[in-house]
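The values are calculated or read from the model by the stated rules, or taken from the named source; none is laboratory data. These numbers were taken from a predicted model, which means no experiment stands behind them. Here the Cβ positions follow ideal geometry from the backbone for every residue, glycine too, while neighbour counts run over all protein chains shown. Just the protein is used for accessible areas: all its heavy atoms, side chains included, with ligands, DNA and RNA removed. Shrake-Rupley method; radii C 1.70, N 1.55, O 1.52, S 1.80 Å.
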Amino acid sequence: MAPTLNGEVDIVIPTIRSLNFLEDWRPFFEPYHLIIIQDGDPTKEIKVPEGFDYELYNRNDINRILGPKANCISFKDGACRCFGFLVSKKKFIYTIDDDCFVAKDPSGKEIDALAKHLENLTKPSTPYYFNTLYDPYREGADFVRGYPFSLRAGVPTAVSHGLWLNIPDYDAPTQLVKPLDRNTRYVDAVLTIPKGTLYPMCAMNLAFNRELIGAAMYFGIMGDGQPLGRYDDMWAGWCTKVVCDHLGYGVKTGLPYLWHSKASNPFVNLKKEYNGLFWQEEMIPFFQSVILPKKCTNAQECYLELAKQAKEKLGPVDPYFNNLADAMVTWIEAWEEFNAPAKVKNGTA
Ligand SMILES: O=c1ccn([C@@H]2O[C@H](COP(=O)(O)OP(=O)(O)O[C@H]3OC[C@H](O)[C@H](O)[C@H]3O)[C@@H](O)[C@H]2O)c(=O)[nH]1
Ligand SMILES: [Mn+2]
């Protein structure tokens, strides 16, 4: 188990509701610093349970801190969470939704999701050759026969994507036709997503190495005033995976699980994600075809190149993508304002 890295971790929570869920996480989260992004009406008071060390930002704060660049941070969408990624100074970020609670493993033991994410992030990934016994660095497992020794050191892990029991993260059409579906299947595995493969990244239980990939973990312009919503984490997932593949970092998915307690309204969701259901048939082939030049040697440089290609290739699909590409550039400008560009070479920050 990874050591407690509480000096190197920020927990980022977007919220429009109450933060009572933190009581459930208190044993695991109390040693850590929270960055709370209050979305929606800034005059509404958000109560944080006693005993937590936190900073809280509402829309007025975001506008005051970023000035004109604030227009790259979404309003009335969970995508606002990436402001927390921007202002953090820590090496690791864990982001969690406010309707997610502590899950139990099949033995009935409470799952310390954050500790498992930190373990995932501090152990290597294996994107170049699939290990059929899954995570080879796990206690009681290893590389199987036929696995090349030249690849057994693995690569640095940039993203740890956790899963959810109970309410599954379905898109609106699926949720509308299968409202009673509950995820009861606990799969005891952590997989490295192979190089060249994209995946639908969900932000409700997500951790990443901010120094390696933070600059590319931008959640786009979604929600209020935008023709797209609920594709914030999808866009960030596609961008970060392409950047990780280029820079030689790994992305893991699987354990840890948490308990997703609440289904959002599928009718509201359908309106938010409607364009995305069509556009994803264009967005995904775009990311599958992206080639980043060798001169891009860190996440910021890769991301600016991605913004350029997204404007060229997706702008003709809809003018929204021109605005999104511009917002990606603004994000990097803000990122570099807040963080002296981390010159990351060979995966060590
Ligand atoms: O306008 C908003 C709406 C929500 N939030 C915060 O975002 C978190 C997710 O919200 P919620 O749990 O209601 O939505 P889900 O459909 O379950 O979430 C999925 O889709 C949206 C996101 O991508 C999310 O990561 C997915 O899990 C929650 O903390 C809300 O308080 C907001 O800030 N502004
Ligand atoms: Mn939810």
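Here are the numbers for the structure shown:
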{"item": "Failed criterion for LEU56 (all others in (1) closer than 27 Å to ALA158 by Cα; (2) within 14 Å of ligand 1 (Cβ to nearest atom); (3) in contact (Cβ under 8 Å) with a residue 40 or more places away in the chain hold)", "result": "(3)"}
{"item": "Among the residues listed as VAL251, VAL242, the single one being more than 16 Å from ligand 2 (Cβ to nearest atom), within 21 Å of the chain's Cα centre (by Cα) and either aromatic (Phe, Trp, Tyr) or open to solvent by less than 10 Å² (accessible area, probe 1.4 Å) (or both)", "result": "VAL251"}
{"item": "Extreme residue, nearest to LYS311 (Cα to Cα), among residues of region 218-235 that are crowded, with 23+ Cβ neighbours inside 10 Å and away from ligand 1 (no atom under 13 Å from the Cβ)", "result": "ILE221"}
{"item": "Residues of region 6-15 that turn out to be surrounded by fewer than 20 Cβ atoms within 10 Å (Cβ to Cβ) and at pLDDT 95 or above, as a count", "result": "1"}
{"item": "In region 292-344, residue surrounded by the most Cβ atoms within 10 Å (Cβ to Cβ) [restricted to those that are polar (S, T, N, Q) and in contact (Cβ under 8 Å) with a residue 60 or more places away in the chain]", "result": "GLN300"}
{"item": "Which listed residue is in contact with a His (Cβ under 8 Å, 6 or more places away or on another chain) and within 16 Å of ligand 2 (Cβ to nearest atom), from PRO168, PRO179", "result": "PRO168"}
{"item": "Residue within region 40-48 that is over 26 Å from LEU324 (Cβ atoms) and not in a loop (DSSP other than H, G, I, E, B) present", "result": "no"}
{"item": "Test: residue in region 39-59 that is in contact with a helix residue (DSSP H, G or I) (Cβ under 6 Å, 6 or more places away or on another chain), within 16 Å of ligand 2 (Cβ to nearest atom) and open to solvent by 10 Å² or more (accessible area, probe 1.4 Å)", "result": "yes"}
{"item": "Among the candidates GLU282, GLU273, residue that is of a type in the set (Asp, Glu) and away from ligand 2 (no atom under 16 Å from the Cβ)", "result": "GLU282"}
{"item": "Contacts under 8 angstrom Cβ, first residue in region 147-169 being open to solvent by 20 Å² or more (accessible area, probe 1.4 Å) and more than 16 Å from ligand 1 (Cβ to nearest atom), partner of a type in the set (D, E, K, R) and part of a strand (DSSP E or B), 6 or more apart", "result": "none"}
{"item": "Residue list for region 118-141, filter: open to solvent by less than 80 Å² (accessible area, probe 1.4 Å) and either part of a loop (DSSP other than H, G, I, E, B) or of a type in the set (D, E, K, R) (or both)", "result": "GLU119, LYS123, PRO124, THR126, PRO127, ASN131, ASP135, PRO136, TYR137, ARG138, ALA141"}
{"item": "Scan of region 254-276 for residues that are open to solvent by 30 Å² or more (accessible area, probe 1.4 Å) and either within 14 Å of ligand 1 (Cβ to nearest atom) or of a type in the set (Gly, Ala, Ser) (or both), ordered by number", "result": "TRP259, SER261, LYS262, ALA263, SER264, ASN265, PHE267, VAL268, LEU270, LYS271, LYS272"}
{"item": "When residues of region 182-208 are limited to those that are of a type in the set (D, E, K, R) and within 19 Å of CYS100 (Cα to Cα), the one farthest from ligand 2 (Cβ to nearest atom)", "result": "ARG185"}
